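Below: the structure, in structure tokens.
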Amino acid sequence: MAQPFVSEVEVRFRHCDPAGIVFYPRYFEMINDFVEEWFDKGLGLSFHTLHTERGIGTPTASVQCDFKRPSRWRERLRQVLELRRIGGASFQAEVRFEGEDGQVRLVAVVTIVTVDLAGMRATALPDDLRARMQDFLLPARA
């Protein structure tokens, strides 16, 4: 049975605008940091190893994001990642950030492509990575 990857992040001063809430572009940085953490801790393959030793990049091809409620400085957000789809050379993840009150702050659907860094062309997801991703794949929706 698939399990989400879960982590926490604290909203820092650098994330906020003068109103004291997260400035929306900072959420995209937080999402990227969370995906990088998932590779390292959830999949057991660090971005560093993937990029420098295996020559595979992971650019974001698409992000769709709905901002539900504001997050404020010093709040702790629960981050949740589940895979919606694993393709030949890409995968699609759903990312949610939730406040300590359990209310959803944002929901993002992120499509990431695996790219051969030498030629900057899409390349198949490595078999070992694909196998590890299965643990986070949501069941097919009817």
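Of 96, 141, all but one fail to be modelled with pLDDT under 95 and open to solvent by 10 Å² or more (accessible area, probe 1.4 Å); the exception is 141.
Reported count of residues in the stretch 9-25, each being surrounded by fewer than 17 Cβ atoms within 10 Å (Cβ to Cβ) and within 22 Å of residue 62 (Cα to Cα), is 3.
Evaluating residue 44 against the criteria (1) surrounded by fewer than 15 Cβ atoms within 10 Å (Cβ to Cβ); (2) part of a strand (DSSP E or B) leaves one unmet condition, (2). The single condition among (1) more than 21 Å from residue 136 (Cα to Cα); (2) open to solvent by 20 Å² or more (accessible area, probe 1.4 Å); (3) of a type in the set (D, E, K, R) that residue 36 does not meet is (1). All conditions in (1) open to solvent by 50 Å² or more (accessible area, probe 1.4 Å); (2) over 19 Å from residue 6 (Cα atoms) hold for residue 113, with the sole exception of (1). Those strands (runs of 3 or more DSSP E) of the stretch 56-108 in which at least 1 residues are closer than 16 Å to residue 7 by Cα, considering only elements entirely within it, cover 76-86, 90-98. Considering the stretch 2-49 alone, what residues qualify as being free of Cβ contacts under 8 Å to residues at least 40 places away in the same chain and among the hydrophobic types (A, V, I, L, M, F, W, C)? Once the filter is applied, which keeps residues that are free of Cβ contacts under 8 Å to residues at least 40 places away in the same chain and among the hydrophobic types (A, V, I, L, M, F, W, C), the stretch 2-49 yields 19, 23, 28, 39, 47.
For residue 6, the conditions (1) of a type in the set (Val, Ile, Thr); (2) assigned to a helix (DSSP H, G or I); (3) open to solvent by 20 Å² or more (accessible area, probe 1.4 Å) all hold with the exception of (2).
For the stretch 118-138, enumerate the residues that are in contact with a Ser or Thr (Cβ under 9 Å, 6 or more places away or on another chain) and either surrounded by 16 or more Cβ atoms within 10 Å (Cβ to Cβ) or not in a loop (DSSP other than H, G, I, E, B) (or both). 122, 123, 125, 129, listed by residue number.
The values are calculated or read from the model by the stated rules, or taken from the named source; none is laboratory data. Predicted, not measured: the structure shown is a model, and the values here were computed from it. Every residue, glycine as well, gets a Cβ built from its backbone with ideal geometry; the counts of neighbours run over all protein chains shown. For the accessible areas, the whole protein counts, side chains as well, though only heavy atoms, and no ligand, DNA or RNA atoms are used. Shrake-Rupley method; radii C 1.70, N 1.55, O 1.52, S 1.80 Å.
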